[in-house]
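The values are calculated or read from the model by the stated rules, or taken from the named source; none is laboratory data. What you see is a predicted model, and the numbers here were worked out from it, not measured in a lab. For neighbour counting, all protein chains shown are included, and Cβ atoms are generated from backbone atoms with ideal geometry for every residue, glycine included.
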Amino acid sequence: MLRYIFTRLFHTVLVILGISVISFIFLHLSGDPVSLILPQDATSDQIENLRREMRLDDPIYLQYFNFLTSALQGDLGRSIYTREPVTALILERMPATLELAFAALALALIVAIPTGVLAAVKRGSWIDTISMTVALIGLSMPHFWLGIMFIMFFSVQLGWLPTSGRGTWEQLVMPSLALGISLVALFARLTRSAMLEVLGQDYVRTARAKGLPEVLVVGKHALRNALIPLVTVIGMEFGFLLGGAVIIETVFAWPGVGRLIVQSILDRDYPVVQAAVMMLAVIFVAVNLAVDLLYAWLDPNISFNRSK
């Protein structure tokens with residue numbers, strides 16, 4: 001078990017390092033922030049002095065080495081525009097992004113798992129047909145389009161919910177719905193597929209032959225084993241939730257890391273974008289590591305000591 005954890009941690013470091021290299025190079029190829037900071041009538045001396053002060057005159061490999069060295073010491077730099085520490089800016093916005101992501105994930109799981117189980121148990125019935133059809137429609141709808149439709153209907157037409165902002169549960173409803181509906185569809189279809197496979201196993205037939213109640217057979221014996229592929233997808237989708245939140249936070253003016261990234265990209269504020277991408281990458285790989293470790297609890301037959 002410990003060997004597996006150390007191996008995964010090593011792979012995690014490589015992934016984060018690769019993400020940092022790719023994001024650093026592409027950000028620095030997008031343009032020179034000095035031209036945005038200084039006025040159009042700035043002299044060449046002013047431009048060169050600012051570029052030297054920001055150390056943008058160094059070769060790109062040296063700029064990356066300086067960034068990596070500082071990051072390992074806990075210093076992710078300062079914003080080009082506000083001159084505030086980047087870490088403080090991101091940590092200030094991170095709770096909003098995590099709140100939105102967890103709300104969308106919780107909504108998806110609460111709706112999707114019972115729907116998928118019911119569709120599998122009632123396979124071929126009208127319940128199965130309707131639920132999977134609705135799930136397919138939900139899976140086909142883009143986040144940003146749903147967000148705009150929600151604003152037009154619930155805010156503009158009905159006046160039930162605020163259009164933007166954060167602070168009350170009403171402001172959380174539409175962003176979490178827009179972000180979570182596609183996950184509801186995905187999780188419901190995956191749960192149904194996994195349950196259909198598990199319900200045909202011998203141990204489920206044995207449990208039914210013993211006279212156990214159907215609720216116990218489905219809930220204890222079948223669902224626990226059907227959750228293994230679902231847990232894998234949940235870990236992957238959590239990272240996509242953080243990425244999808246970039247668009248949703250912009251649509252609903254949600255004050256999270258995603259909106260900060262969009263604004264920083266427009267401003268070419270390299271340190272903020274680089275640090276935000278790094279933090280989101282760390283969260284993503286940490287969640288996936290935790291998901292892998294959950295396998296041991298869900299299925300004791302899984303061994304981490306055997307090489308795959």
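The table below gives the values:
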| item | result |
| --- | --- |
| Residue among Arg208, Arg93, Arg192 that is assigned to a helix (DSSP H, G or I), over 21 Å from Thr232 (Cα atoms), of a type outside the set (A, V, I, L, M) and in contact with a Gly (Cβ under 6 Å, 6 or more places away or on another chain) | Arg93 |
| Complete set of residues in the range 247-267 that are of a type in the set (A, V, I, L, M) and farther than 15 Å from Met94 by Cα | Ile247, Val251, Ile265, Leu266 |
| When residues of the range 23-51 are limited to those that are within 26 Å of Ala276 (Cβ to Cβ) and at pLDDT 75 or above, the one surrounded by the fewest Cβ atoms within 10 Å (Cβ to Cβ) | Phe26 |
| Of all residues in the range 195-204 being part of a helix (DSSP H, G or I) and closer than 17 Å to Val117 by Cα, the one that is modelled with the lowest pLDDT | Val204 |
| Residue within the range 151-158 that is at pLDDT 85 or above and surrounded by 18 or more Cβ atoms within 10 Å (Cβ to Cβ) present | yes |
| Output for the range 194-237, where each listed residue is touching a residue at least 40 places away in the same chain (Cβ under 8 Å) and among the hydroxyl-bearing types (Ser, Thr, Tyr) | Thr232 |
| Qualifying residue in the range 187-208 (condition: under 26 Å from the mean Cα position of the chain (by Cα) and within 19 Å of Ala245 (Cβ to Cβ)) | yes |
| Test result for Val257, free of Cβ contacts under 8 Å to residues at least 24 places away in the same chain, crowded, with 19+ Cβ neighbours inside 10 Å and either within 30 Å of Leu27 (Cα to Cα) or out of contact with any Gly (no Cβ under 6 Å at 6 or more places or on another chain) (or both) | no |
| Subset of the range 64-81 (residues that are surrounded by 12 or more Cβ atoms within 10 Å (Cβ to Cβ) and either of a type outside the set (D, E, K, R) or in contact with a Phe, Trp or Tyr (Cβ under 8 Å, 6 or more places away or on another chain) (or both)) | Tyr64, Phe65, Asn66, Phe67, Leu68, Ser70, Ala71, Leu76, Gly77, Ser79, Ile80, Tyr81 |
| Near pairs, Cβ below 7 angstrom, 6+ apart or cross-chain, from the range 53-78 (at pLDDT below 75) to any residue that is of a type in the set (S, T, N, Q) | Arg55/Gln63; Arg55/Asn66 |
| Glu249, sole failed condition from (1) surrounded by fewer than 20 Cβ atoms within 10 Å (Cβ to Cβ); (2) under 14 Å from the mean Cα position of the chain (by Cα); (3) in contact (Cβ under 8 Å) with a residue 12 or more places away in the chain | (1) |
| Residue among Leu118, Leu161 that is without any contact (Cβ under 8 Å) to a residue 24 or more places away in the chain, touching a helix residue (DSSP H, G or I) at 6+ places or on another chain (Cβ under 7 Å), part of a loop (DSSP other than H, G, I, E, B) and not basic (Lys, Arg) | Leu161 |
| Test for Ala103: is it crowded, with 18+ Cβ neighbours inside 10 Å and closer than 28 Å to Thr250 by Cβ | yes |
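Yes/no per residue for (1) at pLDDT 80 or above; (2) out of contact with any Cys (no Cβ under 7 Å at 6 or more places or on another chain); (3) assigned to a helix (DSSP H, G or I); (4) among the small types (Gly, Ala, Ser):
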| position | (1), (2), (3), (4) |
| --- | --- |
| Ile228 | no, yes, yes, no |
| Val233 | yes, yes, yes, no |
| Glu249 | yes, yes, yes, no |
| Arg259 | yes, yes, yes, no |
| Pro271 | yes, yes, yes, no |
| Ile283 | yes, yes, yes, no |
| Pro300 | no, yes, no, no |
